[in-house]
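Novice: One structure, as structure tokens, below. Some questions next.
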Amino acid sequence: MNAPVGGSLAYALLALGMGLSAAPPAQAADLSGTVALSSQLVDRGQAVSPQTPILQGAGSYSFATGWSLGLSASTEVRSPDHIAEALAQVSRDWSLATDWQMQAGVAYYDYPGNARARPYERVEGTLDWIYRDVLTFGLSAIYGMNSQVPRFRGAADVNFHWPLPAHFSFSAGAGVTRSAVSPCHAGGQECASSYEYARPGYYEPLPAETYGYGHAGLIWSKGSWHMELDRVVTSGLTRPRGSFDTAPWLATVSLSF
């Protein structure tokens, strides 16, 4: 399963560990895993961790019937005793035709040691259509557990992956969703409490924004090793006060087994 563009790197690792896009439903049951080091955790264009090295691990069990179960966890290298993100997922894939696959899944995102990311805790259902492991279109239904906005929201993502010489490939994609947090009056960048400035109502939250996000980058894969560098962009998103800044470039090195 391809991760949403600019989506959580833990989700991408879990997908890589599962190997669902390349594995037909008729395969034997298989246990797999991935460990990785990444530069930041980013969820659909919004940072959910500081710009600091993130250690990640994912494991999955794939059944011959097409079902897969997976778990992943991430932690900041500088604070290994705090779990930055945890993810559990169950999914099912089908072969629709020679060149087409379909995948459905449900994932639960938790941030037990990451207080600033609590608005992103959620249950997310996804439905993906995959063409030759090259083009993926996905729809998501999201239920926020601690959302500052209405709990139900949706997302749509399209991802493109094209092989290049010398073990390289090109990756790009775009998506649209509704923010899990609300901007505020007085510019949005300074979403402070109205009582800090003794002007009640001046900093009341605005309706959540619908925004776009995307990425373009290069992937190098050989054997069990996988390296990726992406340029991440967002459009129409106001960053609330106290939130993490999203780095313009994201890098990940991973090893699968």
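Novice: Is it true that ILE142 is in contact (Cβ under 8 Å) with a residue 60 or more places away in the chain, of a type in the set (Val, Ile, Thr) and either open to solvent by less than 30 Å² (accessible area, probe 1.4 Å) or part of a strand (DSSP E or B) (or both)?
Specialist: no
Novice: To continue, here is another question. Sort out which residues of segment 97-137 are open to solvent by 70 Å² or more (accessible area, probe 1.4 Å) and either at positive phi or of a type in the set (A, V, I, L, M) (or both), and write them in order of number.
Specialist: Scanning segment 97-137 gives VAL106, ALA115, ARG132, LEU135.
Novice: Now for a different question. What's the total number of residues in segment 40-85 that are closer than 26 Å to GLY144 by Cβ, free of Cβ contacts under 8 Å to residues at least 40 places away in the same chain and not acidic (Asp, Glu)?
Specialist: Final tally of qualifying residues: 6.
Novice: Take the residues in segment 145-171 that are within 19 Å of the chain's Cα centre (by Cα) and outside any strand (DSSP E or B), then tell me which one is surrounded by the most Cβ atoms within 10 Å (Cβ to Cβ).
Specialist: Selected residue: SER147.
Novice: Looking for something touching a Pro at 6+ places or on another chain (Cβ under 8 Å), of a type outside the set (A, V, I, L, M), modelled with pLDDT of 90 or more and open to solvent by 50 Å² or more (accessible area, probe 1.4 Å) - is there at least one such residue anywhere in segment 54-72?
Specialist: yes
Novice: Let me ask another. Yes or no: SER91 hydroxyl-bearing (Ser, Thr, Tyr) and under 23 Å from GLY59 (Cβ atoms)?
Specialist: yes
The values are calculated or read from the model by the stated rules, or taken from the named source; none is laboratory data. The model shown is predicted, which means the values in this text are computed figures rather than measured ones. All Cβ positions, glycine included, derive from the backbone under ideal geometry; neighbour counts span all protein chains shown. Just so you know, the surface numbers come from the protein's heavy atoms only, side chains and all, with ligands and any DNA or RNA stripped out. Shrake-Rupley method; radii C 1.70, N 1.55, O 1.52, S 1.80 Å.
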